[in-house]
1. For the structure I just gave you, tell me whether residue 62 is crowded, with 16+ Cβ neighbours inside 10 Å, within 18 Å of the chain's Cα centre (by Cα) and not assigned by TED's automatic domain parsing to the domain that holds residue 217.
2. Condition test on residue 2, is it surrounded by fewer than 18 Cβ atoms within 10 Å (Cβ to Cβ), more than 19 Å from the chain's Cα centre (by Cα) and more than 19 Å from residue 63 (Cβ to Cβ)?
3. Exactly one condition in (1) modelled with pLDDT under 90; (2) under 26 Å from residue 64 (Cβ atoms) is false for residue 151; which is it?
4. Is it true that residue 161 is farther than 19 Å from residue 80 by Cβ and either modelled with pLDDT under 95 or surrounded by 21 or more Cβ atoms within 10 Å (Cβ to Cβ) (or both)?
5. Does any residue of the stretch 42-54 turn out to be at pLDDT 90 or above, more than 25 Å from residue 167 (Cβ to Cβ) and assigned to a strand (DSSP E or B)?
């Protein structure tokens, strides 16, 4: 049978390819990892077992961390925990996003809250030239939906919430993330947006490669930086 294997962030640096179809007789993912180790060698094995820079990798089988069973056509994704709706293949058009979101307000809405994430020009005392984002899109869109539903249940005053994230190459000063909320009162809107930002940052399938004056760093597991080899 054949399974689709997808690699992200510094895992992709080891394999040299973002994805591939693998012919295998393996019935579970542990067996498949052994097969891939034969192809990619010791570095790959060490990455799976020990991670890199203190960051462990995650393996999803058909979108689940619980399932280990493989079937013909299964998708296996191997990636570090992400750094932190809608995925936009460009810089966010903030005015359009705000206008479209506000058009969804109802008579019960008394508060509008907006958070924007902007590319920093300096990190850890080093100049940042560029951030290059990549995403496991199917997983990320599902997580955005789950995050929104979770927040609507948690905050009774929250009427609507939306998440937008740019996936491309961005320069310092550009907007890459927008989280918007409509609520009956300001408290639930503010708290929902704060929590949404943290969930996007730590649990969605988005990574960034930070290009700066001392090299390139994968930003994973929230704000952990792993230097690219």
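1. no
2. Criteria not met by residue 2.
3. Residue 151 satisfies all of (1) modelled with pLDDT under 90; (2) under 26 Å from residue 64 (Cβ atoms) except (1).
4. So residue 161 passes the test.
5. The answer is no, given that none of the residues of the stretch 42-54 is at pLDDT 90 or above, more than 25 Å from residue 167 (Cβ to Cβ) and assigned to a strand (DSSP E or B).
The values are calculated or read from the model by the stated rules, or taken from the named source; none is laboratory data. Since the model is a prediction, treat every value here as computed from it, not as a measurement. Heads up, the Cβs are rebuilt from the backbone with ideal geometry, glycines too, and the neighbour counts pull from every protein chain shown.
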